[in-house]
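All of the numbers you see were taken from the coordinates with simple rules; none came from a lab. Quantities reported herein were computed from a predicted structural model and do not represent experimental measurements. Backbone-built Cβ (ideal geometry, glycine too); neighbour counts: all protein chains shown.
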Amino acid sequence: MAGETDRLIIAPSLLAADFTRLGAETLAVEQAGADWLHLDVMDGHFVPNISFGPLIVKALRPLTGMPLDVHLMIAPVDPYIAAFAEAGADHISVHPESGPHLHRTLQLIRSLGKKSGVVLNPATPVESIAHVLDLVDIVMVMTVNPGFGGQAFIASQLAKIAALRRMIDETGRDIFLQADGGITPSTARQVLAAGANALIAGTAIFGKPDYDAAIADLRAAAPAARPDVALSLG
Ligand code: DX5
Ligand code: ZN
């Protein structure tokens, strides 16, 4: 039976959308075939930028059927997790550096009935999640430093994606492996070849005039890289 991670996931990052029209932008990418909506929450402390909080998640929740993939770049993170869960997040992903007890944070996310994710910064080693993988539904590799859209892809992260692919396969569990930052059709091919199965893209979708074409261009990166992913698209 096909697992839920067999299908290539495309998650547009709302950070690159037109903030005067967040609802319309959300519906536009949903209509264009996006799988999840990626929401980047930044506090000006954990990362050098400030974006938005649970109010935006709550406002978008009733508009869309897409799972809301919330990426928390805030510290401390634990005091805010319940608020994002209540606002309607489906996935809550955290950085190991955003609190003293990653295991406890993941337990908290799971206890609220949400999919739990861990995000690795470019310098964060894969070992940081080796002993919590049983509590993880999503592993996200930052292919830029977190904080801003539109940055250049960091190619050194491809080896990390490949190492995580091996670790995930060893668990035998359905764990999403996302790449976040600097994703274009060309870098998408590289991260998919390394073993990612979910692409987060801000500029490469919202920065284009035609969202259908932009998402199709990212999906087209899959067949050459991972025949198994391509087959399941049909
Ligand atoms: C950066 C965010 C990313 C960002 C990606 O901190 O986590 O999700 O929005 O933007 P692009 O695709 O433009 O690199
Ligand atoms: Zn993100």
Task: At q = 0.13, 0.15, 0.16, 0.21 Å⁻¹, base-10 log of I(q)/I(0) for the range 9-118 (Debye sum, equal scatterers on each alpha carbon) - done: -0.44, -0.59, -0.67, -1.12
- [ ] Under a 10 Å cutoff between Cα atoms, tell me which one of Ser156, Ser13, Ser51 has the largest fluctuation in the Gaussian network model of the chain.
- [x] Ser156
Task: Using θ = phi - 60° and Karplus 6.51 cos²θ - 1.76 cosθ + 1.60, couplings along the range 194-202 (whole Hz; Gly, Pro as x) - done: 6, x, 5, 10, 9, 10, 9, 9, x
Open item on the list: At 0.36 nm per residue, and after removing the present C-alpha to C-alpha distance, how many nm does the segment from Gln31 to Asp174 gain when stretched out fully?
Closed with: 48.8 nm
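Kirkwood hydrodynamic radius, the range 114-232, all distinct C-alpha pairs: what's the number in Å?
Working: mean 1/r = 0.0688 Å⁻¹.
For the range 114-232, inverting the mean 1/r across all distinct Cα pairs yields 14.5 Å.
Which percentage, to the nearest 5, of the DSSP beta bridges contained in the range 1-84 is antiparallel?
10 percent
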- [ ] Give the distance, in whole Å, between the Cα centre of the range 30-67 and the Cα centre of the range 92-127.
- [x] 18 Å
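Taking 0.36 nm per intervening residue step and subtracting the Cα-Cα distance, what contour gain separates Arg21 from Phe52 on full extension?
Length difference between fully extended and current span is 9.7 nm.
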Open item on the list: If I stretch the segment between Asp212 and Glu127 completely, what's the gain in nm (0.36 nm per residue apart, minus their alpha carbon distance), one decimal?
Closed with: 26.8 nm
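If we count other beta carbons within 10 Å of each Cβ, what is the order of Met42, Met142, fewest first?
Met42, Met142
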Task: Positive-end residue, the chain charge dipole about Cα centroid, Cβ charges, pick of Val57, Asn145, Ile215 - done: Asn145
- [ ] Note down the magnitude of the dipole of the range 7-141 about its Cα centre, charges +1 on Lys and Arg C-beta and -1 on Asp and Glu C-beta and zero elsewhere, to the nearest 20 debye.
- [x] 220 debye
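Quick one: dipole size for the chain, taken about the Cα centre, charges +1 on Lys/Arg Cβ and -1 on Asp/Glu Cβ, in debye to the nearest 20. Before the final figure, lay out the partial values.
On the way: 16 positive and 24 negative charges, 28 e Å.
Here the size comes out at about 140 debye.
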Task: Selection from Ile109, Tyr80, Ser98 lying farthest towards where the dipole of the chain points positive, charges on Cβ - done: Ser98
TODO: Kindly give Rg over Rh for the chain, based on alpha-carbon atoms, with the Kirkwood expression for the hydrodynamic radius.
DONE: 0.93
Open item on the list: Through the Karplus equation 6.51 cos²θ - 1.76 cosθ + 1.60, θ set to phi - 60°, convert the phi angles of the range 181-192 into ³J(HN,Hα) values in whole Hz; use x for Gly and Pro.
Closed with: x, x, 7, 10, x, 6, 6, 4, 4, 5, 6, 5
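From the Cα gyration tensor of the range 55-94, with a ≥ b ≥ c the square roots of its eigenvalues, which class applies: rounded if a/c is under 1.5, or else prolate if a/b is larger than b/c, or else oblate?
Working: a/c = 2.47, a/b = 1.83, b/c = 1.35.
Here the range 55-94 falls in the prolate category.
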Task: GNM top mover of Ala85, Ala130, Ala11 - the chain, alpha-carbon springs below 10 Å - done: Ala130
Open item on the list: Please state the shape class of the range 93-158: rounded when a/c is under 1.5, otherwise prolate if a/b exceeds b/c and oblate if not, all from the C-alpha gyration tensor.
Closed with: prolate
Open item on the list: Spelling out what I want: for every residue of the range 77-88, take phi, set θ = phi - 60°, compute 6.51 cos²θ - 1.76 cosθ + 1.60 (Karplus), and round to whole Hz; glycine and proline get x.
Closed with: 8, 3, x, 10, 5, 4, 5, 6, 5, 5, 5, x
Task: Choice from Leu199, Leu39, Leu112 showing the highest fluctuation, given a GNM over the chain with Cα pairs closer than 10 Å - done: Leu112
